[in-house]
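These notes concern the structure reproduced below.
The values are calculated or read from the model by the stated rules, or taken from the named source; none is laboratory data. Quantities reported herein were computed from a predicted structural model and do not represent experimental measurements. Neighbour counts are summed over all protein chains in view; Cβ atoms, including those assigned to glycine, are modelled from backbone coordinates with ideal geometry.
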Amino acid sequence: MEMTIKEVALLANVSTRTLRYYDQIDLLKPSRVNDAGYRFYTELELDQLQQILTYRKLGLALADIQTILMSPKYDVSIVLKEQERQLLKQRAEIDRSLTMLRHTLKNYQGGITMSQEEKFKYLKETEINANEEKYGPEIRQKYSDEVIDQSNRKYQNLSEADYHEMQETEKQLDQLMITYLDEGDDRLRQQIYETHKKWLCYTWPSYSKNAHFGLAQMYLADDRFAKYYNNKHHKYVEELVNIISEFTC
């Protein structure tokens, strides 16, 4: 028995656009496509779709699902264990955020009084979570989970004095960049590089020129980074990357 793409979409509660995309990336091919271009699916494809949707609910990436389906002897437990690790990590982060949120709520309601240390800890956790949500997948792919986790821990463990010094270092970097971009004083280039390096070292587990250069390339490649910096000056990212490249290559 064959079903049209609309019938399959309705049955599986997915969009026809999703099914077409799965076909496009060779994740789920229809059993046949007629001369008019209509896709038809059999029970075999429905079983495959059920597997795909199950793995998606578990949070697996499409590339991992494709590997599993195309390799019958592939050890699925490897992917599932890694996904379990990621989910447990996310749950721990959510639990920490919920604890701090409830603590803060009680503070505002007059039930308890948060110390400055507790407020500061909550501030850093909020910033880490926001950064993970915005840039997490890209930076973790580039630098590995281990490196980013170490960086987050280092940031979380910053003293209040170091935290404020880090903020001041970023302001100093902005001032140097704006002055350089407005006046074109090449004598500022090394100072800009050193200031950016200093700012990174507040959170990086260890410094390397290769990693610094790689981050600069990400500034160029990712529109979100470019938008953030170019709001300060329209040539900010371009020139900052040029300066970093000069001293790291």
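Against the test of being of a type outside the set (Gly, Ala, Ser), exposed (fewer than 12 other Cβ atoms within 10 Å of the Cβ), over 24 Å from Gly136 (Cβ atoms) and without any contact (Cβ under 8 Å) to a residue 60 or more places away in the chain, the options Leu44, Leu53, Leu69 yield a single qualifying residue, Leu44.
Can you find a residue in region 4-16 that is among the polar types (S, T, N, Q), closer than 24 Å to Gln83 by Cα and surrounded by 14 or more Cβ atoms within 10 Å (Cβ to Cβ)? No - not one qualifying residue is present in region 4-16. Can you confirm whether region 18-34 contains a residue that is at pLDDT below 85 and either surrounded by 13 or more Cβ atoms within 10 Å (Cβ to Cβ) or within 30 Å of Asp149 (Cβ to Cβ) (or both)? Looking through region 18-34, none of the residues is at pLDDT below 85 and either surrounded by 13 or more Cβ atoms within 10 Å (Cβ to Cβ) or within 30 Å of Asp149 (Cβ to Cβ) (or both). Selection of region 130-142 for residues being in contact with a helix residue (DSSP H, G or I) (Cβ under 7 Å, 6 or more places away or on another chain) and at pLDDT 75 or above yields Ile139, Arg140. Looking across region 226-238, the residues that are touching a residue at least 40 places away in the same chain (Cβ under 8 Å) and buried (at least 17 other Cβ atoms within 10 Å of the Cβ) come down to His233, Tyr236.
Counting only helices (runs of 4 or more DSSP H) that sit wholly inside region 186-244, those with at least 2 residues that are of a type in the set (A, V, I, L, M, F, W, C) and over 20 Å from the mean Cα position of the chain (by Cα) are 189-201. Among residues of region 123-151 that are in contact (Cβ under 8 Å) with a residue 60 or more places away in the chain, those with a Cβ under 6 angstrom from a residue that is part of a helix (DSSP H, G or I), sequence gap 6+ or separate chain, pair up as Ile139/Ile148.
Is it fair to say Ala211 is more than 16 Å from Met177 (Cα to Cα) and touching a residue at least 60 places away in the same chain (Cβ under 8 Å)? Here the answer is yes, as Ala211 does meet what is asked.
Considering the conditions (1) in a loop (DSSP other than H, G, I, E, B); (2) without any contact (Cβ under 8 Å) to a residue 12 or more places away in the chain, Ala161 is excluded by exactly one of them, (1).
Quick one: is Lys134 over 18 Å from Lys89 (Cα atoms) and surrounded by fewer than 17 Cβ atoms within 10 Å (Cβ to Cβ)? Answer is no for this residue.
Among the residues of region 52-81, those that are over 23 Å from the mean Cα position of the chain (by Cα) and modelled with pLDDT under 90 comprise Thr54, Ile68, Leu69, Met70, Ser71, Pro72, Lys73, Tyr74, Asp75, Val76, Ser77.
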